[in-house]
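Worksheet: the structure to be examined is printed underneath.
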Amino acid sequence: PKDASISLFKAMRDLKSISKELHLPLQSGSDRMLKAMSRGYDSKYYLDLVKFFREILPGRPITTDIIVGFPGETEKDFEATKRLLSEIEFGASYIFKYSPRPPTFSSKQDDDVPKAVKMRRHRELLDIQIAISRKKRKNKEIS
């Protein structure tokens, strides 16, 4: 998201040699978690990018990455992610359960979200994305 912009979206629209699809990693719908992940954007900024992309390239697909169970993620944080996933209605979502990856900063933090919670959250987001994908197929949408 830090590299996405209106000018990029216009170039995607206007240049024949550029893909008309956008992969825009969300990671989390919680501003608190985005800050903890050092993402450099918040949910409002992200939603604005999605809005601009859809205005400039209507009907074109947006895909994303989401991480559940990042250190410190609460149910409130997770609910914010669920809300954004449902609101944005991505064409596809790549949803991952957090696991430490040395030498990243987060790998030095306490991996405090239990595995069972990560698995439940992962399943909930997958179920939401599956429902969105079915709806889009039924309506023959591609975005």
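Mind listing whichever residues of segment 49-90 are among the acidic types (Asp, Glu) and in contact with a Pro (Cβ under 9 Å, 6 or more places away or on another chain)? First the steps, then the outcome.
The first filter runs over segment 49-90 and keeps only residues among the acidic types (Asp, Glu), leaving 55, 65, 73, 75, 77, 79, 87, 89.
Selection gives Asp65 alone.
Of the residues Ala131, Ala36, Ala116, which single one is open to solvent by 20 Å² or more (accessible area, probe 1.4 Å) and in contact with a Phe, Trp or Tyr (Cβ under 9 Å, 6 or more places away or on another chain)?
It is Ala36.
Please count how many residues of segment 39-71 are among the small types (Gly, Ala, Ser), buried (at least 16 other Cβ atoms within 10 Å of the Cβ) and in a loop (DSSP other than H, G, I, E, B).
Restricting attention to segment 39-71, the residues satisfying the condition of being among the small types (Gly, Ala, Ser) are 40, 43, 59, 69.
Filter once more, so that each one left must be buried (at least 16 other Cβ atoms within 10 Å of the Cβ): 43, 69.
Then keep just the ones that are in a loop (DSSP other than H, G, I, E, B); that gives 69.
Number of matching residues: 1.
With respect to Leu34, determine if the residue is out of contact with any Gly (no Cβ under 6 Å at 6 or more places or on another chain), within 23 Å of Lys135 (Cβ to Cβ) and free of Cβ contacts under 8 Å to residues at least 60 places away in the same chain.
Criteria not met by Leu34.
If you check Gly29 against the conditions, is it under 30 Å from Val117 (Cα atoms), small (Gly, Ala, Ser), part of a loop (DSSP other than H, G, I, E, B) and under 12 Å from the mean Cα position of the chain (by Cα)?
Judged against the criteria, Gly29 is a match.
Please go through (1) of a type outside the set (Gly, Ala, Ser); (2) at positive phi; (3) at pLDDT below 95 for Asp3 and return the number of the only condition it doesn't satisfy.
Among (1) of a type outside the set (Gly, Ala, Ser); (2) at positive phi; (3) at pLDDT below 95, the lone unmet condition for Asp3 is (2).
In segment 88-97, is there at least one residue being farther than 15 Å from Gly69 by Cα and surrounded by fewer than 16 Cβ atoms within 10 Å (Cβ to Cβ)?
Looking only at segment 88-97, we keep the residues that are farther than 15 Å from Gly69 by Cα, and these are 88-93.
Checking which are surrounded by fewer than 16 Cβ atoms within 10 Å (Cβ to Cβ) leaves us with 92.
Yes, segment 88-97 contains a residue that is farther than 15 Å from Gly69 by Cα and surrounded by fewer than 16 Cβ atoms within 10 Å (Cβ to Cβ).
Among the residues of segment 12-30, is any at positive phi and among the acidic types (Asp, Glu)? Outline the logic, then answer.
Narrowing segment 12-30 to residues at positive phi: 27.
Of the ones still in play, those that are also among the acidic types (Asp, Glu) are none.
No, the conditions are met nowhere in segment 12-30.
Restricting to segment 119-128, count the residues that are open to solvent by less than 90 Å² (accessible area, probe 1.4 Å) and either in contact with a Gly (Cβ under 9 Å, 6 or more places away or on another chain) or in contact (Cβ under 8 Å) with a residue 12 or more places away in the chain (or both).
6
The values are calculated or read from the model by the stated rules, or taken from the named source; none is laboratory data. Because the structure is predicted, anything quoted here is derived from the model rather than measured. All Cβ positions, glycine included, derive from the backbone under ideal geometry; neighbour counts span all protein chains shown. In case anyone asks, the SASA skips ligands and DNA or RNA and just uses the protein heavy atoms, side chains included. Shrake-Rupley method; radii C 1.70, N 1.55, O 1.52, S 1.80 Å.
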